[in-house]
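In what follows, a single structure is set out as structure tokens and then discussed.
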Amino acid sequence: MSEPGNGSVTRGHDDSERERLLVEQLPQVRYIARRIHERLPRHVLLEDMVHAGVLGLIDALQKFDGSKHVQFGSYAKFRIRGAILDSLREMDWSPRDLRRKARRLEEAHNTLRSSLGRDPSEAELAAELGITLRGLQLLLGEISGLEVGSLRVESPLDGREQDLCEYLPDDSEETPLFLCLRSEMTHLLARAIADLPERERQVLALYYYEELTMKEAGIIMGLGESRVSQIHSMAVIRLRARLAELSNPQRSPGMAKGAAGGTP
């Protein structure tokens, strides 16, 4: 999917050049804001998100270093997205009960993964939570909205939140799911995504790399939008669990199962 303008800029540009770039990138601000907003409750105003995105664009213009040979539009995209997501976190828009359910679901998944030595099925996860399979799938669809416009995971290196989108390559000929790129964090992310089931990898690729909506991804995969949202939620849960294991091998399900059975 194509993006709005992708101009370039260097330090020392004058006010007219700054104004031109800001105007040029405004469609990208609204594009990103709309894409995030489509998965939020109705009480969250689109214009508030656009305003936060404009502030992110201004911040990008002030901090951009053209000597790094990166186009300004590509650099600004992440600043805009980050500013919008930061504003949502400050707003505390998501229901606390839903966040509690999401944490409980993730804890149940990790418990089963440790005891089984593999990723649990949806049926096994539903049984662990004491709900029906349909109830689990509805919950997965609901919590998909908690990951709005970004794939944020906790870095196993320093505990800080990282956005997977920032580690995807710009070259469309490269496949982000299997590349080991420059940093250790990127290497861990690539390994974790590569370990996901094929359908979950496809959802992540279509949504975060190709920047399709859930509905558009569903059309390509022959699935309904709600099912794509459920697969997305499960992929994020599995991805976080796998990242934690890669950063601390002693916590891997194989190690845990072996220790339980007395195997060295």
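From the list G66, G56, G130, which residue is closer than 30 Å to D15 by Cβ and at pLDDT 90 or above?
It is G56.
What are the pairs, 6+ residues apart or on separate chains, where a residue within region 112-123 that is within 16 Å of R134 (Cα to Cα) has its Cβ under 8 Å from a residue that is aliphatic (A, V, I, L, M) and open to solvent by 50 Å² or more (accessible area, probe 1.4 Å)?
Once the first residue is within 16 Å of R134 (Cα to Cα) and sits in region 112-123, its partners that are aliphatic (A, V, I, L, M) and open to solvent by 50 Å² or more (accessible area, probe 1.4 Å) give E122/L133; A123/L133.
Looking at L98, L57, which one is over 20 Å from the mean Cα position of the chain (by Cα), of a type outside the set (F, W, Y), in a helix (DSSP H, G or I) and more than 15 Å from H37 (Cβ to Cβ)?
Matching residue, one of L98, L57: L57.
Restricting the search to region 72-114, which residues are open to solvent by 70 Å² or more (accessible area, probe 1.4 Å) and polar (S, T, N, Q)?
T111
If I filter region 211-230 down to residues being among the hydrophobic types (A, V, I, L, M, F, W, C) and without any contact (Cβ under 8 Å) to a residue 60 or more places away in the chain, which single residue comes out as nearest to R34 (Cα to Cα)?
Result: A217.
Run down A194, A217 and say which single residue is crowded, with 20+ Cβ neighbours inside 10 Å and more than 14 Å from the chain's Cα centre (by Cα).
Answer to the check: A217.
Considering only region 43-52, I want to know if a residue exists there that is open to solvent by 10 Å² or more (accessible area, probe 1.4 Å), touching a residue at least 60 places away in the same chain (Cβ under 8 Å), under 28 Å from S226 (Cβ atoms) and assigned to a helix (DSSP H, G or I).
no
Only one of these is open to solvent by less than 80 Å² (accessible area, probe 1.4 Å) and not in a helix (DSSP H, G or I): R39, R35. Name it.
After applying the criteria, what remains is R39.
From L125, L112, L105, which residue is modelled with pLDDT of 80 or more, assigned to a helix (DSSP H, G or I) and under 29 Å from G82 (Cα atoms)?
Among L125, L112, L105, only L105 is modelled with pLDDT of 80 or more, assigned to a helix (DSSP H, G or I) and under 29 Å from G82 (Cα atoms).
Name the residues in region 60-71 that are outside any loop (DSSP other than H, G, I, E, B) and either within 22 Å of the chain's Cα centre (by Cα) or among the charged types (D, E, K, R) (or both), would you?
A60, K63, K68
The values are calculated or read from the model by the stated rules, or taken from the named source; none is laboratory data. Predicted model only: the values in this text are computed from it and were never measured. We place every Cβ from the backbone using ideal geometry, glycine too, and count neighbours over all the protein chains shown. Only protein heavy atoms, including side chains, enter the accessible area calculation; ligands, DNA and RNA are left aside. Shrake-Rupley method; radii C 1.70, N 1.55, O 1.52, S 1.80 Å.
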